[in-house]
Structures are given as structure tokens and as C-alpha cells.
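Working notes, structure below.
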């Protein structure tokens, strides 16, 4: 029997820019032969954390948290302005198109405040029965426009208020920038700034406090259409491997049974000049991965989570969830990483999202 999942209603939408203008606007190159075929416009990394503060039965805490996020995220973005940038088509000197690039132009992150018509405990029961559909209500993502990508945000944050108290913070980021969240410690630094603001004694309420601006809050609730990308989940897994000269991520396919017809590798490239590290998207058939990329079976799954369990925006963390959203079958995300590794020369970690069978 299918579980009925209510819809989240949006109470407000704001844009969050770095609190300081980015002076040196680096670009991140995106190399991909078939952007539409690779689905780079519709692939996301999604993270949700749930909180239940003691004594908060009115739901006021969620709106306060959203107000502090407006300020804390703006401060955090000064260190990673690429997250508030935009994707645009790269052109050569002859004005012909040559792939894509992300530019740190301070266009802003989207911050949404939402209301869910059920308690947090009721919602978590829905998650147990229908995880994909339920958790899609706690994050927001609108696919990047394929014709005019320069107008589409690459990073969304949704603060969802549950009835009788409790709230969630949902993050949805373009897969092209996912490594900036996972490898630069951005989330932890942002959470620390948020915690500092929340415990500040200099102001009882944040400047950006939505309910204080509206007398009848219910009149401003509306439903926004969400992209299907967040519904199709690839569960991230961390693999550990010895250094391999070949394309180690593809070896994961050889050792696991998946329904993937193609393997999508998001390979980091070293930037130069005004560019920061770029991303190259490679598309390979599953047979090609099995026959040509054999690293001797040196990869093994680890117990390390994709997101550090100590990362939290509130004191009463109830649950955490992380997934990669996609619109097609395949190995949607393979990111070589050295986070948490003492000796990066002898050990490499890969973050991988496998499709459902």
C-alpha cells in the first residue's frame, strides 16, 4: 500500500550572497562531450539533517534558524564563492562554444522556508515506508536550464518547519560542485558560524526573521514544483583503494551487481591561471569498464560516511540522510578524495553513488 506523503508548502524564498564581494572571480572548467546525455544539468548531491529542540512546540525555532542561516551562509560563502556562482557556456576567442564553466559571480544561493503538515515523528515514520518521496519534500532543486544555464542556481537550502516543533535543514547542490562541500570542510565551518550566531547574546532574533514581517502567515504558503532529480536516489558509498594508475572508480562496477548501462565518471582536473580545479565528465559503457579498467581488486567498502557525523546545525540532531539525485541509471558520481586520509600517497578514497537495481 502506497504511503500518502503530504506536500511541503513554501513560506518564503530568499537569495544569499557572500557578505563580501568576490574580488578574484575564478572559474571552474567543465569538460563534457554530451552535457544532456551525461545529465550534468539534473544531478545533485542532497543532504538533510533533522532536529528536535526541547520545549519548542510552537515551531518558532525553525524560523529563527532560517534567519540565522541567511547570515551564517553569507559569511561562509566568502571562503567558497563558487557555490553561489553560475554555470555558463565557455567560448573561445572566435566566439565558438567550447564546453562549460562555473564562474564565482556572487549571483547567490537560494534559501527556502517551508512548512510540512505533520509532526517530525510522523514524518520520520513516512521516511521509513517511502524514503525517496518523503525526503524529497525536505530539499528543493530545480534542474539547471539546458539552454540558458547562467540563470540557474547551483545550490539550494531549505529549512522545513514541522508541526508541534522540529525542523530539518535540506541542502541540494549541483554534482559539479559537490566536492567543494565534501572536501573543503565547508559544511562544518558553516555549521560553526551558524551555532555561534544562534548562541549569541547580542541579539535575541536574527535580522532576517520571516514571521515578524507577516501577521497572517498562512496566507503566504504556496506549493512549488520540484524537479524529479531528487526522487531517483543513488546511495553514496565510500570506497578505499591503494593508489592506482588506472581509473580506479570504474573497478567498483566490476565487483557489484548494478543495473547501470553506462558509467559516469566525474573526474577532477587541475586548473591553471585564473581557473581553479575543473571537472571532466566521462561516459563509458559497463562492458568497457569491466574489460579495460582492472586495478587488481584493491578497492574495498569502508564504514566512513560521506558526511561527517559530527556535522550538525543544531544541538538535538535526530537523523541524517544523504543521497545523489539523478534522472538516469548509472554510476552517477565517482569522486576521488583524500579527506580523512593520513597518507594520501598510499591510500585514496572514492565517493560513489550506485543506482537502485
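Nothing in this text is a laboratory measurement; each read-out follows from the coordinates by a stated rule. Everything numeric here is computed off the predicted structure, so don't read it as measured data. Cβ: placed from backbone, ideal geometry, glycine included. Neighbour counts: every protein chain shown.
Okay, here's what the table says:
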read-out: If the convex hull is drawn through the Cα atoms of region 107-176, its volume per residue in Å³; value: 93
read-out: Mean Cβ count within 10 Å, highest first, over the residues of peptides 37-48, 165-176, 79-90; value: 165-176, 37-48, 79-90
read-out: Relative packing of peptides 103-113, 63-73 - highest average C-beta neighbours within 10 Å first; value: 63-73, 103-113
read-out: Longest to shortest principal axis, alpha-carbon extents of region 13-113, angstrom; value: 62, 34, 20
read-out: Two-site label geometry, residue 3 and residue 319: point separation in nm, points 7 Å out along Cα→Cβ; value: 0.7
read-out: Packing rank of 127-134, 188-195, where each peptide gets the mean count of other beta carbons within 10 Å, highest leading; value: 188-195, 127-134
